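Structure, as structure tokens:
Derivation of every value follows stated rules applied to the coordinates shown; laboratory data play no part. Since the structure is predicted, the reported quantities are computational estimates derived from the model, not experimental observations. Using ideal geometry, Cβ is built from the backbone for each residue, glycine included, and neighbour counts are taken over all protein chains shown.
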Amino acid sequence: MEIFSEVAHYIRSKNAGPFWITIDVFCGDEERYKVLSKSPSLNPEVIARAYKVNPDSVRVFFLPSIHTIKISYPRARPQGSKYERDMHAGQQYVELGNLPV
Amino acid sequence: MNKCKVFVPYGGLGMGISEESFQRAIAMKPDIISTDAGSTDSGPYYLGAGKCKYAREAIKNDTKRMIVAAHKLHIPITIGSCGTCGVDDGVDFMEDVCREICREEGITVKVAKIYSELSRETVNEKLGSGKIKPLEPVMELDQEKVNKCSHIVGVLGAEPFIEALKNGADIVLAGRTTDTAVLACMPLLKGCSPAAAWHGAKVCECSGTCTTSPQSGGIVLTVDESGFEVESPARDSICTPFTISAHLLYENADPFYLVEPGVIVDVSEADYIQLPEGRVRVENTRIRQTSYTMKLEGAGPAGYQTITLVGIRNRIVLKDPMSWLDKLSAHADQKLGSLGYDPDSYSYSLRPYGYQAVYGGDVPEGYIPNELGVLLTVTADDQETATKIAKVFNPILLHFEVAKNTPKPSFAFPFSPAEVEKGRIYEFQLNHVIELDDPFELIRMEYVTIDGKEE
């Protein structure tokens with residue numbers, strides 16, 4: 001089965017303030033948007049498991065006009081805590097990219 | 001029809017753009033030049049320590065172009081979040097930079113300074129009167145937590161900028177400000193659509209990032225009474241409905257609603273229209289008033305760190321780095337204990353870069369890296385202890401056995417001494433807002449004239 005990173009045009013992640021991380025899935029065109037936006041992996045439960053966060057805190061937004069899906073979730077610890085792994089959260093998209101379509 | 005053209009030269013003051021793009025934007029005759037100069041983007045250190053992220057020379061260079069161009073056009077300048085974190089010292093630092101430039105160029109200006117740093121006492125008083133509310137994700141707040149902060153800033157909205165511009169300021173230097181308020185203030189003052197002013201400001205807050213070529217830099221925002229238009233001054237860059245609407249996603253948890261002091265902007269029904277010459281027009285943004293709140297940012301010290309980096313190419317270690325690190329940690333714990341270090345007085349992490357240091361989870365089965373960088377980070381209440389702990393690790397990181405009954409190995413340190421003292425570290429403490437009846441209640445404004453003819 002294909003994974004998100006193989007289908008989407010581009011996936012990126014970034015801190016949204018010190019307390020949130022946000023992932024943008026740019027699908028590239030309508031066809032791929034249709035496929036990806038229907039994926040069971042976009043269920044907050046699945047995303048919460050991948051990122052080890054509370055499913056109630058995961059927010060998924062659909063933007064059909066620009067063929068984009070956006071996922072936001074709170075950081076487990078505020079940005080820059082003692083043993084931070086990714087200050088700008090720029091590498092956090094990879095887990096989402098590995099989810100099956 | 002009321003109309004206002006805002007030139008946003010930089011995504012952050014000190015980042016620069018090409019002279020050509022800058023001059024092309026100036027030729028478009030903007031009504032104001034506005035830029036943001038700070039952010040919490042790079043972590044809690046800058047606010048905690050009250051320090052600036054960019055080099056003074058880079059900031060001065062960018063500010064000088066703004067001042068010289070604005071003086072020629074007889075237009076004002078607004079700069080928000082001075083000194084990266086927007087503490088009072090950041091505003092004074094920028095005043096100093098402006099003074100130097102004005103004297104070099106012989107330009108006389110009226111400067112408005114807006115301060116929004118808050119004392120712990122003020123915040124505790126507001127906490128006591130129930131005026132402080134948490135944002136999502138909710139963090140408990142008590143006096144102890146407030147008192148941990150070395151700096152607290154209130155995030156400014158557009159009101160004090162509008163006040164300063166009304167009073168004839170040529171340069172407005174402000175403490176921590178929402179990225180949008182510093183851009184939206186002039187269109188709001190000129191009677192343009194508030195919905196378009198805020199939405200346009202959000203699109204343009206990172207300057208050229210909302211274009212097809214983000215590196216080119218610079219953006220020109222024109223707000224009127226029914227919408228706004230965005231245009232890139234760079235020769236090799238255009239705006240499209242995609243680049244403009246996609247920028248609303250960047251560093252923003254909610255792509256449909258923007259919460260600003262006193263207003264909520266709803267962009268969910270906005271229309272993005274491609275115009276000739278790479279311009280985009282946006283209409284149908286909605287806005288509604290809310291009770292006025294000022295967001296708080298606070299950070300405080302969280303100990304001291306010392307780090308050590310060691311490189312490893314030994315295949316036995318590379319085949320199973322986590323087991324080796326576990327054994328190494330157990331050995332180090334035992335040694336630290338035998339030397340009398342209280343385990344509660346320090347903590348550490350050992351992370352294999354090139355393996356799973358960024359992710360923290362399992363690697364794909366069978367994955368063997370070519371080499372590893374193991375980063376030891378020690379945290380303690382003081383620098384001396386952190387470094388002592390790292391020194392106890394030193395011989396272990398240099399020689400820890402790769403397997404039973406093998407000769408002593410030596411691993412690859414890049415530095416002598418191996419330990420690097422990182423100094424004090426900080427943590428964010430606040431994710432809250434203060435409810436205010438008056439946007440000016442907790443801020444201070446000062447006006448000074450810089451005489452460019454004075455030696």
(request) Would you please classify the overall shape of the stretch B:329-437 from the alpha carbon gyration tensor, given that a ≥ b ≥ c denote the square roots of the eigenvalues, rounded means a/c under 1.5, and beyond that prolate means a/b larger than b/c while oblate covers the rest? (result) oblate
(request) When you have a sec, figure out the Kirkwood radius of the stretch B:109-170 from all distinct Cα pair distances and drop it here in Å to one decimal? (result) 13.9 Å
(message) Test of understanding: express the Cα radius of gyration of chain B as a ratio to 2.2 N^0.38 Å, with N the residue count.
(response) 1.15
(message) I need the trypsin sites (Lys or Arg not before Pro) found in chain A, filtered to DSSP loop residues with at most 12 other beta carbons within 10 Å of theirs.
(response) A:Lys38, A:Lys52
(request) Loop sites only, by DSSP: take the chymotrypsin sites (Phe, Trp or Tyr not before Pro) in chain B that have at most 15 other C-beta atoms within 10 Å and name the longest stretch containing none of them. (result) B:1-255
(message) Tell me whether the stretch A:16-91 comes out rounded, prolate or oblate; compute the Cα gyration tensor, take square roots of the eigenvalues as a ≥ b ≥ c, and use a/c under 1.5 as the rounded threshold.
(response) prolate
(request) First check a/c for the stretch B:184-266, with a ≥ b ≥ c the square roots of the eigenvalues of its C-alpha gyration tensor; if it is under 1.5, answer rounded, and if not, answer prolate when a/b is larger than b/c or oblate otherwise. (result) oblate
(message) Would you calculate the convex hull of the Cα atoms in the stretch B:3-72 and tell me its volume per residue in Å³?
(response) 99 Å³
(request) For each pair in B:Lys202/B:Lys295; A:Lys70/B:Lys202; B:Lys5/B:Lys72; A:Lys14/B:Lys3; A:Lys52/B:Lys295; A:Lys52/B:Lys51, compute the distance between the two Cα atoms and list the pairs where it is over 23 Å. (result) A:Lys14/B:Lys3; A:Lys52/B:Lys295; A:Lys52/B:Lys51
(message) Within 10 Å of each candidate Cβ there may be at most 12 other Cβ atoms; applying that plus a DSSP loop requirement, which GluC sites (Glu not before Pro) in the stretch B:123-187 survive?
(response) B:Glu140
(request) Give, in nm to one decimal, the length gained when the segment between B:Phe415 and B:Ile396 is fully stretched (0.36 nm per residue of separation minus the Cα-Cα distance). (result) 5.3 nm
(message) I'd like the distance separating the alpha-carbon centroids of the stretch A:21-80 and the stretch B:246-295, in whole Å.
(response) 20 Å
(request) Between beta-carbons, use under 11 Å as the cut-off and find the net charge around B:Asn252, counting Lys and Arg +1, Asp and Glu -1. (result) -2
(request) Enumerate the aspartates and glutamates that A:Lys34 could reach by cross-link, defined here as Cα to Cα under 18 Å, with residues fewer than 8 away along the same chain left out. (result) A:Glu2, A:Glu6, A:Asp24
(request) Please list the non-local residues whose amide H lies under 5 Å from the amide H of B:His151, H modeled 1.01 Å from N, same-chain partners needing a gap of 5 or more. (result) B:Ala299
